[in-house]
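**Q** Structure provided below as structure tokens; questions to follow.
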Amino acid sequence: HPLSPHWYLLGLATDGDCRGEGMASRLLEDMLSRCEREEQQVALETSKESNLAFYERFGFVVVDELLIDARVKTWLMLR
């Protein structure tokens with residue numbers, strides 16, 4: 001995680017019936033606009049590899065990978 005002041009995004013999720021409707025994107029865009037105005041970095045973690053491309057579309061990059069155990073990997077991302 002960055003040493004400088006930053007936002008940490010936690011718990012972005014949508015109901016399965018609403019997936020693909022852009023709700024997560026709208027939520028994220030709103031928060032990222034605020035972070036840009038405040039000139040703050042944004043950090044997050046995801047344990048779903050399929051989420052990486054979603055976050056990368058918003059400018060996040062993987063800065064570290066953690067192997068929790070033999071079956072669980074977590075990616076740390078920063079924007």
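**Q** Each residue of segment 64-78 in order: what ³J(HN,Hα) in whole Hz does its phi give by Karplus 6.51 cos²θ - 1.76 cosθ + 1.60, θ = phi - 60°, with x for Gly and Pro?
**A** Coupling constants for segment 64-78: 6, 10, 10, 9, 6, 8, 4, 10, 10, 10, 10, 9, 9, 10, 9 Hz.
**Q** Using only helices, what value at 222 nm comes out for the chain when you add -39,500 (n - 2.57) per DSSP H run of length 4 or more and divide by the total residues, to the nearest 500 deg cm²/dmol?
**A** Working: 2 runs with 20 residues, N = 79.
Helix-only estimate at 222 nm: -7500 deg cm²/dmol.
**Q** Using amide H atoms built in the peptide plane, which far-off residues or other-chain residues are under 5 Å from F58 H to H?
**A** Long-range HN contacts for F58: none found.
**Q** Now a separate question. Express in nm, to one decimal, how much length is gained between Q41 and H6 on full extension, taking 0.36 nm for each residue of separation and deducting their alpha carbon distance. Numbers along the way, then the final one.
**A** On the way: separation 35, 0.36 × 35 = 12.60 nm, distance 0.48 nm.
Value of the extension gain: 12.1 nm.
**Q** While we're looking at this one, here's another question. Roughly what % of DSSP beta bridges within the chain run antiparallel, to the nearest 5?
**A** Looking only at bridges with both residues in the chain, the antiparallel portion is about 75 percent.
**Q** Give the long-range amide H neighbours of K73: residues separated by 5 or more places, or on another chain, with amide H under 5 Å away, using H modelled in the peptide plane at 1.01 Å from N.
**A** It is I68, by chain and number.
**Q** Using the Cα centre of the chain as the reference point, and only Cβ charges (+1 on K/R, -1 on D/E), how large is the resulting charge dipole? Debye, rounded to the nearest 20.
**A** Rounded to the nearest 20 debye, it is 60 debye.
**Q** Using only the Cα atoms of the chain, build the gyration tensor, take square roots of its eigenvalues as a ≥ b ≥ c, and label the shape rounded, prolate or oblate: rounded if a/c is under 1.5, else prolate if a/b is larger than b/c, else oblate.
**A** Cα axes put the chain in the oblate bin.
Taken together, the values in this text are just the output of simple stated rules run on the coordinates, not laboratory data. This is a predicted model, so every value here is computed, not measured. Note: ideal-geometry Cβ built from the backbone for every residue, glycine included; neighbour counts use all protein chains shown.
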